[in-house]
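Everything on this sheet refers to the single structure shown next.
The values are calculated or read from the model by the stated rules, or taken from the named source; none is laboratory data. Just so we're clear, the structure is a prediction, and the values are computed from it rather than from any experiment. Here Cβ is always computed from backbone atoms with ideal geometry, including for glycine, and neighbour counts include all displayed protein chains.
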Amino acid sequence: MIFSADTWQITLFSISVGLASTLLILPFGIILAWLFARKEWPLKSVVETTVLLPLVMPPVSTGLILLKIFGRRSPLGEWLYQRGFEIVFNWKGVLIAMAVMSFPLLVRSVRTSFAEVNPRLEQIAASLGASPLKIFFVITIPLAYKGIVAGALLAFSRALGEFGATILVAGNIPGRTQTLSLAIYNFVQLGKDADAYVLLGITVVLAFSFVWLSEWLLRGRQNA
Amino acid sequence: MLLRCRVPLATFDLDVGVSFDARVTAIFGPSGSGKTTLLDAIAGLREIAAGEIEVGGKTLFSSARKINLPPQRRNLGYVPQEGALFPHLSVRRNILFGSERNSRVTDAKMMSIEHVLEVLEISHLLQRSVTELSGGEAQRVALARAILSRPQLLLLDEPLAALDVGLKEKILPYLARVRDEFGVPMIYVTHNITEVLALADWVLVIRSGRLMAQGLPAETLTSSRALRAIPEEELENVFTVEFIDSDKPAGRSRVRLSSGAEIFVPYLPVSAGRTLQVRVRADDILLGTQRPEGISAGNILPGTVRAIDIVDDQALVRVDAREIFCVRLTAGAVIRLALRVGSSVFLIIKTRSFRIL
C-alpha cells in the first residue's frame, strides 16, 4: 500500500466525521427547509438570515463564535463539561464546525426543491384524506428527493473541505482532530510537499466521486 | 346542500349564497368568474372570509359558529382541472391513495375498486407510470382516485377543458356513467354549455363572483340573464335519444326522443335500443311559419313558441315541439315573421346538424 497509516487515518477520520455531520443536519435541514418553503411564521426572515450567515461570514469568524459558545469557559460549555461532554479540541468540535458550516448549503438546496413541488398536489392529497404527516412523507419528500440528495452531497463536500471554523473550534491535532484540509495545510507549512500532494490527490478523487455520484443519482431518478 | 360564502379575491369578492339538492349541479360561467375558487372554498383549500358551507347536513365551514374543518375531514373527492395525479406514483398507487379513508364503510353503492376501474375502463393502465398516460386516461384515473376515496360529494373542475374536442366527446359518456352508477352527488364546474346540458340536473350561472341565475339547465341557460353572463358562448340543445334503426346507404339513423318524437341523425352503426345523447346548435335550427316543401332537411317538426327573449340584436326563441328546442335568430327575424308566444311554427333541422355525443 502506497499510503502511510497516517494518511489512511486522516482520510477515514475526515470521511466519517463528514458523514456523521451530514446525517446529523439532514433531519433538521429538511424540517427547516420545509418550514421556510411552506409556512409563514413570525421572525421567519430573521431565522432564514441567521441560518445563511455561515455561508457568507468568514469561516474563522463562525469558528470563533462556536468557540465562544462551546468553549469550557462559556456557560453552555461548562454545563456540558460537567456532564462529561467536551466539545472543543476533539472530534466533536470538528463535527460541530462541519455541521454549522455545511448547514446553509443543505437548507438552501432542499428549500428550493420543496418550493418546486406543486402545492396543488399536496392540497389534493389532503382532500383525499391524507394526514399532514402522510402528505409530507408520501408526496412532498419523494417529489423533492433530487434536491435533498443534491443538498446532502453538497453539504458533505463542504464538510470535507472545512478549514477555518474547524481550526478554531478543534485545533489541528494530528491523530485527533486533523482533517484532510488541516493536514494539507500542515504539511505545506512543514515543507513536506510530497505528503501534501498525496492528500491533495485524495481530495481530488473524493470530490470527483461525489460530483459523479450525484449526477448519476439525478440521472437515474429521471429515468425511473 | 347549503353554500353561502364570501371569498375576497384580487379583483372582486366571490359572493355566492345558494341551496340546492341535485345529483349533478353545474357551476357555469366564463373563465375568471370565480368557479375554481368556489370549489377550492368548498374543499377547504382556500380561506373564506365569511359564510357557511354545509354538505349532506354536515357543516364544513361556518364563520358564525367558528367551524372550519380541514380538507382531510371534509370527505370530498376533488378532481382538479389539471388532474393533479401524483407523478412519482404508479397509476395503481394514485388510484388507491384515498381509498383507505372510508375503507370501513361498507356501502351498497358498489364502489368496489374493480367496478370503478371497469366503469372508467382503466384496468389495463394500473401498472403504468402516470407520466405515460394520455390526457383522457389521466382524467379518468383522477376521477377513479376521487371516487374510490368514497366521498359524500365529488367536485369536478372543468374535467374536459384540457382535452381536445375529439377526446372531450369520448370522456363525457364516462362522466355520465359515473353519475348513473355510483350515486355520488357532483358539483361540476364548466364554461361549456353542452357539458351542462348533457350532465347536470341543476345549474348555477356565475359571473365575476356573483350568482346570475340558477335553475334547470335547459331553461336557465337559455334565459336572457344567463346569456348576458356568457354572450359569446355557443348555445346548444342536448337530447337523450333511443336508437331505433339505421339506413347506411341513406346515411342516416332514426332515433326517438324521450317525448316519443322521432328524428333523423347522421348514420351510426349501433344496435337498436341503445341510448345516446345528440346535440344541435341553436344557430343551426331554421324556423318557419309554414311547413316547407321541397327542401333537403330531414327533420321538420311542428311546434309552438313558448318564450322569446331578445338580448341586444339576438333573439332566443324557445319552441315546444314535444321537446323544448332553443333557437337563436336575429332580432329582425322575430319581427319579420311576427313571432309571439303561442305562434305555431315549424322547426327545420338538417340531419347532419345533429352531432352525436
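Condition test on residue A:108, is it surrounded by 15 or more Cβ atoms within 10 Å (Cβ to Cβ) and of a type in the set (Lys, Arg)? In short, yes. Residue check, residue B:51 against (1) modelled with pLDDT of 90 or more; (2) part of a strand (DSSP E or B); (3) not acidic (Asp, Glu), all met but one. Which one? Residue B:51 satisfies all of (1) modelled with pLDDT of 90 or more; (2) part of a strand (DSSP E or B); (3) not acidic (Asp, Glu) except (1). Take the conditions (1) more than 27 Å from residue B:44 (Cα to Cα); (2) part of a helix (DSSP H, G or I); (3) of a type outside the set (Ser, Thr, Tyr); residue B:138 misses just one of them, which is (1).
Residues in the range B:38-74 that are surrounded by fewer than 18 Cβ atoms within 10 Å (Cβ to Cβ) and in contact with a Lys or Arg (Cβ under 8 Å, 6 or more places away or on another chain): B:49, B:50, B:59. Selection within the range B:283-328: residues that are assigned to a strand (DSSP E or B) and among the polar types (S, T, N, Q). The member of this set that is surrounded by the most Cβ atoms within 10 Å (Cβ to Cβ) is B:299.
Kindly provide the set of residues from the range A:132-145 that are in a helix (DSSP H, G or I), closer than 18 Å to residue A:26 by Cβ and touching an Asp or Glu at 6+ places or on another chain (Cβ under 9 Å), ordered by number. Correct list: A:136, A:140, A:143. When the criteria are applied in full, residue B:123 fails the requirement of being among the small types (Gly, Ala, Ser) and touching a Ser or Thr at 6+ places or on another chain (Cβ under 7 Å). Selection within the range B:75-99: residues that are assigned to a loop (DSSP other than H, G, I, E, B) and facing another protein chain (nearest Cβ under 7 Å). The member of this set that is surrounded by the fewest Cβ atoms within 10 Å (Cβ to Cβ) is B:88. From the list B:205, B:189, B:116, the lone residue that is away from chain A (no Cβ under 14 Å) and either surrounded by fewer than 18 Cβ atoms within 10 Å (Cβ to Cβ) or more than 25 Å from residue A:121 (Cα to Cα) (or both) is B:205. Among the criteria (1) away from chain B (no Cβ under 11 Å); (2) in a helix (DSSP H, G or I); (3) of a type in the set (S, T, N, Q), the one residue A:172 does not fulfil is (2).
Residues that are under 10 Å from the mean Cα position of the chain (by Cα) and farther than 18 Å from residue A:10 by Cβ were ranked within the range A:135-157; the one that is surrounded by the fewest Cβ atoms within 10 Å (Cβ to Cβ) is A:154. Mind listing just one residue for me: the one in the range B:57-74 that is more than 21 Å from residue B:149 (Cα to Cα) and not in a strand (DSSP E or B) and, of those, farthest from the other protein chains (Cβ to nearest Cβ)? In this case the residue turns out to be B:64.
Being at pLDDT 80 or above, touching a Leu at 6+ places or on another chain (Cβ under 6 Å), within 18 Å of residue B:315 (Cβ to Cβ) and not assigned by TED's automatic domain parsing to the domain that holds residue B:311 is true of residue B:193. For the range A:104-145, taking the residues that are of a type in the set (S, T, N, Q) and closer than 30 Å to residue B:149 by Cβ, the one that is farthest from the other protein chains (Cβ to nearest Cβ) is identified as A:113.
Against the numbered list (1) facing chain B (nearest Cβ under 7 Å); (2) farther than 16 Å from residue B:96 by Cα, residue A:148 comes up short only at (1). Are any of the residues in the range A:76-93 without any contact (Cβ under 8 Å) to a residue 60 or more places away in the chain, under 30 Å from residue A:140 (Cα atoms) and of a type in the set (Phe, Trp, Tyr)? Taking every residue of the range A:76-93 in turn, none turns out to be without any contact (Cβ under 8 Å) to a residue 60 or more places away in the chain, under 30 Å from residue A:140 (Cα atoms) and of a type in the set (Phe, Trp, Tyr). Name the single residue, out of those in the range B:236-273 being touching a Lys or Arg at 6+ places or on another chain (Cβ under 6 Å) and outside any strand (DSSP E or B), that is farthest from residue B:300 (Cα to Cα). Among those residues, the one meeting the criterion is B:267. With respect to the conditions (1) assigned to a helix (DSSP H, G or I); (2) surrounded by fewer than 17 Cβ atoms within 10 Å (Cβ to Cβ), residue A:181 falls short on a single one, namely (2).
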